[in-house]
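K.L.:
Structure in structure tokens, see below.
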Amino acid sequence: MTDDAERFTVVVCKGPTCGDRRNSEQLIEHLTRTVAARGLGERIRVLTETCLGHCLRGPNILVQNEEQERNGIDGVLYNRMTVEDLERVIDSHLVGGMVVRPLMYRPPWMRDK
């Protein structure tokens, strides 16, 4: 890994709606295994949160790069995640640096932009 590689924190919601009803535990396990298997542990930190506040759109994951996290900026919130969608996020966003726009949450006032 080079020192200039972007580092991310990925927060997976595991609250009662996302976790208990929509099985976000499967996302946590898959993400943790994939990060380890691909040797990305120095670049990607996996955390869980009880609730990200978007229960009806869950399971949710929040991806923040180091700068966003350090400055208290939200990052990218992905909704209705499946293991297949998570693979897209890993490949495109976490490894490739490109946000997967079709999977991200966009507030109603930003949907036309």
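K.L.:
In a loop (DSSP other than H, G, I, E, B), closer than 24 Å to GLY15 by Cα and modelled with pLDDT of 90 or more: is that true of PRO59 in this structure?
P.N.:
Yes.
K.L.:
Could you figure out which of (1) under 15 Å from the mean Cα position of the chain (by Cα); (2) modelled with pLDDT under 90; (3) surrounded by fewer than 21 Cβ atoms within 10 Å (Cβ to Cβ) isn't true of ASP20?
P.N.:
With (1) under 15 Å from the mean Cα position of the chain (by Cα); (2) modelled with pLDDT under 90; (3) surrounded by fewer than 21 Cβ atoms within 10 Å (Cβ to Cβ) applied to ASP20, the lone miss is (1).
K.L.:
Tell me whether region 78-86 contains one or more residues that are touching a residue at least 12 places away in the same chain (Cβ under 8 Å) and part of a strand (DSSP E or B).
P.N.:
yes
K.L.:
On to the next question. Across region 1-50, what is the number of residues that are touching a Lys or Arg at 6+ places or on another chain (Cβ under 9 Å) and either without any contact (Cβ under 8 Å) to a residue 40 or more places away in the chain or more than 18 Å from MET104 (Cα to Cα) (or both)?
P.N.:
Summing the residues that are touching a Lys or Arg at 6+ places or on another chain (Cβ under 9 Å) and either without any contact (Cβ under 8 Å) to a residue 40 or more places away in the chain or more than 18 Å from MET104 (Cα to Cα) (or both) in region 1-50 gives 16.
K.L.:
Got a number for residues in region 14-54 being part of a helix (DSSP H, G or I) and charged (D, E, K, R)?
P.N.:
Total meeting the criteria: 5.
The values are calculated or read from the model by the stated rules, or taken from the named source; none is laboratory data. Values in this document were obtained by computation on a predicted structure and should not be read as measured data. Reconstructed Cβ throughout: ideal geometry from the backbone, glycine too, with neighbour counts over all protein chains shown.
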